[in-house]
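The values are calculated or read from the model by the stated rules, or taken from the named source; none is laboratory data. Please read all numbers here as calculations on a predicted model, not as lab measurements. Ideal geometry is used to build each Cβ from the backbone, glycine not excepted, and the neighbour counts take in all protein chains shown. Keep in mind that these areas ignore ligands, DNA and RNA; they rest on the heavy atoms of the full protein, side chains included. Shrake-Rupley method; radii C 1.70, N 1.55, O 1.52, S 1.80 Å.
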Amino acid sequence: MGRAIHIFNDAEAVSLAAAELVVLAANQAIEVRGQFYIALSGGSTPKRLYQHLASDVYKQQIDWQKVHIYFGDERSVPPEHPESNYRMAREAFLDQLPIPEQQIHRMQGEQVDLEKAAAEYAELLQALPICNGLPQFDLILLGMGDDGHTASLFPGTVALAEKKKTVVAQTVPQLNTQRITLSYPVINNAHQVMLLVAGESKASRLEEVLVSAPEGRYPVQGIKPKGILNWLLDRNAASKLPRMLVA
Ligand code: 6PG
């Protein structure tokens, strides 16, 4: 794994840099393999990135006909719900881009049986290139919650121990809810993972995650892709990191 930590002035600069990296990753994948497979994250930080990708500047830079959209996690809500990650992505950029409808794959958080929804999503992932026996994304976008969760891999939850399934449905007791999420095995099989973290509320946790906490204390520490891991941070989130790490 290659890990890089990039620090930017503010969340806006993080999202612009992320847009540049998405363009690079997409064009590289399309050139080499003819297609680009990306998994999107929910949360507030990537929303701005998505808006940039639909703007005049970036929209022209990717051949959207060759882009395949998947999701890293979903809440147990229907697609039109305000908390739906799918809805957020649709409104922020997917609806404005010429991506063939059959290439946009949402997790069905509205299903009563979320285990079934997770198994169906795992089936969909079989359309990706298979590498090391697992589907391989070109790029997976992730964020980090204040509690150190990423995707819907929350502290203390069963999905953290998943070794085989690529998609897991689980109860998140601390939120009193259920989620569907990609598992570590498929996330860590990606060519590239990009972790976007902004805001002062993340600073202490980020210092623990990257520096002082023992391995395995926080779910995001389990993100160790075979390819590249790019952390994109704003100055506020990075404010408690030692200079050595960020120089
Ligand atoms: C979700 C996410 C989640 C998110 C983090 C960070 O569905 O909520 O996929 O893992 O990325 O909670 O969210 P922010 O970017 O809003 O801080």
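For the reader, a short list of remarks on this structure follows.
- Restricting the first member to region 29-46 and to residues that are in contact (Cβ under 8 Å) with a residue 60 or more places away in the chain, and the second to residues that are surrounded by fewer than 24 Cβ atoms within 10 Å (Cβ to Cβ) and part of a loop (DSSP other than H, G, I, E, B), the beta-carbon pairs closer than 6 Å and six or more apart or on different chains are 37/128.
- For region 108-135, the set of residues classified as closer than 18 Å to residue 185 by Cα, part of a loop (DSSP other than H, G, I, E, B) and open to solvent by less than 10 Å² (accessible area, probe 1.4 Å) consists of 128 only.
- Residue 86 being under 24 Å from residue 199 (Cα atoms), buried (at least 17 other Cβ atoms within 10 Å of the Cβ), of a type in the set (Ser, Thr, Tyr) and out of contact with any helix residue (DSSP H, G or I) (no Cβ under 6 Å at 6 or more places or on another chain): yes
- Search result, residues across region 58-76 that are over 19 Å from residue 30 (Cα atoms) and not charged (D, E, K, R): 71, 72, 76
- Checked against the criterion of being of a type outside the set (D, E, K, R), in contact with an Asp or Glu (Cβ under 7 Å, 6 or more places away or on another chain) and more than 22 Å from residue 120 (Cα to Cα), region 169-184 has no qualifying residue.
- When region 222-247 is limited to residues that are in a loop (DSSP other than H, G, I, E, B) and basic (Lys, Arg), the one that is surrounded by the fewest Cβ atoms within 10 Å (Cβ to Cβ) turns out to be 224.
- Checking each residue in region 61-88 for being under 13 Å from the mean Cα position of the chain (by Cα) and under 15 Å from residue 38 (Cβ atoms) picks out 69, 70, 71, 72, 73, 85, 86.
- Residues being in contact with a helix residue (DSSP H, G or I) (Cβ under 8 Å, 6 or more places away or on another chain) and part of a helix (DSSP H, G or I) - total across region 27-56: 10
- For region 144-200, a residue qualifies if it is assigned to a loop (DSSP other than H, G, I, E, B), open to solvent by less than 10 Å² (accessible area, probe 1.4 Å) and within 19 Å of residue 25 (Cβ to Cβ), and the qualifying residues are 189, 190.
- Residue in region 133-149 that is within 15 Å of the ligand (Cβ to nearest atom), over 17 Å from the mean Cα position of the chain (by Cα) and at pLDDT 95 or above present: no
- Filtered residue count, region 43-62, keeping only those that are open to solvent by 70 Å² or more (accessible area, probe 1.4 Å) and either within 15 Å of the ligand (Cβ to nearest atom) or among the small types (Gly, Ala, Ser) (or both): 4
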